[in-house]
Amino acid sequence: GGREPWNNPRRNVRKLALKLRAQYPYTVRVERVENRKRHLARELIRRAFDRNHDGQLDAQERAGVRLIIYGQSFGGAAVAKLARELERMGIPVMLTVQVDSVGRGDSVIPPNVARAANLFQRNGLFIRGEPEIRAQDPSRTTIIGNFEFDYRNKKIDLSEESWMKKLFREAHTKMDFDPAVWALVEDLIVKEISDYSAS
């Protein structure tokens, strides 16, 4: 997520993590990390896949990594940045999903990512998501889609949000609370898990 605490119970990025954790209690490990703490994300990934517990990922362990990364706002930009850091470490990523990604360098998906999706809006006066992600190497990365959401006339309940969000970040905030957005994110992730489990 963005500048709000990662454990804010209203944030859909957190709700989806908890739902996935409950849905796959024995087969999928789900962790939540603030966008500014990519070092922690890298450490959690290393620990999760370090089968021989020697403190590093050897070639066999790296080849066995099955990883999905998603994030919203600054967290969407952190998805692309983390994927690039993992590429330098030789770690593959099955899927990245960026939701209204805001940041620099978040439009190019590195070749260690197999599939990537981007959900965005362009209605905001001040904050607009990245409109198009592209593969650095199209032979290695499939862009599932750049999915645009339109909030000019869409009603989303923002009654519990601050006046600043409603005034300066209305479309961006609507996207954060849009059930259709998070249903698509969930579908993309669940499909990836199901396709891997079936193979």
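The numbers here are math on the coordinates, done by the rules we state, and not lab data. For clarity, every value in this text was computed on a predicted model and none was experimentally measured. Glycine also receives a Cβ, built like all others from the backbone with ideal geometry; neighbour counts cover every protein chain displayed.
Note that segment 124-129 has calculated 3J(HN,Hα) couplings of x, 6, 10, 10, 10, x Hz, one per residue in order, obtained from phi through the Karplus relation 6.51 cos²θ - 1.76 cosθ + 1.60 (θ = phi - 60°); glycine and proline are x. Counting only the backbone N, which residues of segment 98-137 are under 14 Å from the spot 7 Å out from the Cα of residue 187 toward its beta-carbon? Counting backbone N atoms under 14 Å from the label point, the list is 118-119. Spin-label model, residue 126/residue 88: points 7 Å from Cα along the beta carbon direction are separated by 3.2 nm.
For residue 135, the residues whose amide H sits under 5 Å from its own are 109, ignoring neighbours fewer than 5 places away on the same chain, with H placed 1.01 Å from N. Working ranking of peptides 72-83, 156-167, 106-117, 29-40 by packing, defined as the average number of other Cβ atoms within 10 Å per residue, highest first, is 72-83, 106-117, 29-40, 156-167.
Contact order, relative form, for the chain: 15 percent (alpha carbon pairs under 8 Å, 6 or more residues apart, mean separation divided by residue count). A cut-off of 5 Å between modelled amide H atoms, ignoring neighbours fewer than 5 places along the same chain, links residue 93 with 113, 114. Extension gain, residue 140 to residue 19: 0.36 nm times the residue separation minus the Cα-Cα distance gives 40.6 nm.
Model label sites at residue 166 and residue 153, defined 7 Å from Cα along the beta-carbon direction, differ in position by 2.2 nm. If only the Cβ of Lys and Arg carry +1 and only the Cβ of Asp and Glu carry -1, the dipole of the chain around its Cα centre is close to 380 debye. Between residue 10 and residue 197, the modelled label-to-label distance comes to 3.3 nm, taking each label 7 Å out from Cα in the direction of the beta carbon. The charge dipole of segment 85-187, taken about its Cα centre with unit charges on the Cβ of Lys, Arg, Asp and Glu (plus for the first two, minus for the last two), comes to roughly 280 debye.
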